[in-house]
1. Whose amide H sits under 5 Å from the amide H of K238, counting only residues 5 or more places off or on another chain, with H placed in the peptide plane?
2. Summing Lys, Arg as +1 and Asp, Glu as -1, what charge do residues with Cβ under 11 Å from the Cβ of R256 carry, R256 excluded?
3. Net charge near E207, counting Lys/Arg +1 and Asp/Glu -1 over other residues with Cβ under 10 Å of its Cβ?
4. Would you mind pulling out the separation of the Cα centroids of the stretch 208-258 and the stretch 153-195, in Å?
5. Using a 7 Å offset from Cα along Cα-Cβ at E45, what residues in the stretch 99-126 end up with backbone N under 11 Å from the label point?
6. Residues with beta-carbon under 10 Å from that of I157, excluding I157: net charge, scoring Lys, Arg +1 and Asp, Glu -1?
7. Along the Cα→Cβ direction, 7 angstrom out, place labels at N69 and E53. What is the inter-label distance in nm?
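Read-outs: derived from the displayed coordinates by stated rules, not from any lab. Keep in mind the model is a prediction, meaning the values are calculated, not measured. Here the Cβ positions follow ideal geometry from the backbone for every residue, glycine too, while neighbour counts run over all protein chains shown.
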Amino acid sequence: MAETLSVPVANAGETTQSDSSPAKHEEKKVQRQAICFTFFKVMPEWRRLPIGERAEHKRLFAEVIRKWNQPGRLLSLTYSTVGTRGDVDMVLWRICYTPEDLNQMTAELLATPLGGYLETPHNFLAMTKRSQYVIGHEHEGQHDSRGTLRPGGQKYIFIYPFWKTRAWYLLPMEERQRLMNEHIRIGHLYPRVKLNTTYSFGIDDQEFVVAFETNFPEDFLDLVQQLRETEISMYTLKDTPIFTCIRMSPEDMLDRLG
C-alpha cells in the first residue's frame with residue numbers, strides 16, 4: 001500500500017491565468033511538498049569502535065528518525081546503498097512541507113554520537129509541482145491530481161539529479177509536448193516502474209530530482225536503455241550520479257553499516 005502524508009494536497013502547479021482567476025486563488029491555498037534525498041557515508045573510524053558502543057549509536061540515530069516520522073508533518077523512508085555505491089552508505093528520503101523541518105531533523109541526526117562519524121557526500125532538495133505537460137499516464141497511487149508524492153513501498157529506488165539543456169526551454173511548447181509524448185509512451189511500457197519527479201529550479205543545483213521505485217531492477221535497466229534511444233534524450237544535459245538504493249527499516253539500514 002502506498003504511503004502518504006495526511007495533510008493538505010500539494011500545489012496545482014503552473015498556470016497562465018491571471019492572479020484574479022479562481023484557479024490562481026485555489027493555487028495559493030495549497031502547499032507543495034518539500035522533498036529531500038540525503039546520502040550519508042560513515043567514516044571508517046566508526047567501524048573500529050566497540051560493538052556495544054556502535055549499537056547505542058545506531059539506536060539513538062534510529063530514535064531520531066522515528067521521532068520525526070509524524071503523520072501530517074513528515075514522512076521518512078530509509079534505504080541502504082552498501083554494496084551498490086562506493087561513496088555513500090545509506091539514504092533518507094524525506095517528504096514534508098517546510099525546509100525548516102528538514103533543517104531541524106538533520107541537525108538532530110548530526111547531533112547524535114553516530115552523526116559525528118557521518119559525512120554527507122550528496123543531498124538533493126526539491127519540491128512537488130504539477131507537470132506542465134499533458135501526461136495522462138500516471139500509474140495508480142503515484143500522485144493525486146495536484147501532484148502529491150505517494151511512495152509505493154517498492155524494494156528498490158533509483159535516484160538521480162537531472163538537468164535539461166537550455167535549448168530545451170527555447171523550444172515551442174507544442175514541440176516539447178511532441179517529444180514528451182514519445183517519452184511517456186515508452187514509460188507506459190514499464191508499469192512495474194513508478195516515477196516520482198520533483199523540481200529544484202532555484203533551490204538546488206539540479207533542475208529536477210527523479211526517483212524510480214520498483215521491485216524489478218531489470219525493468220528499470222531496460223527502461224533507461226530504451227529512453228536513451230528517444231529524440232528527447234538529445235536535450236539531456238546531465239543525469240548523474242545515479243544511486244541504486246534498497247529499502248529497509250531504519251534499524252536494518254544502520255545494521256548494514258557494520
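1. W163
2. Values: positive: K58; negative: D89, E251, D252, D255.
Once all neighbours under 11 Å are counted, the net charge is -3.
3. Working: positive: K164, K238; negative: D204, D205.
Overall, the nearby charge balance is 0.
4. Cα centroid of the stretch 208-258 versus Cα centroid of the stretch 153-195: 13 Å apart.
5. Within reach of a label on E45, which here means backbone N under 11 Å from a point 7 Å along Cα→Cβ, the stretch 99-126 contributes 116-118.
6. Working: positive: K155, K194, R247; negative: E213.
That sum, taken over residues with Cβ under 10 Å, equals +2.
7. 2.9 nm
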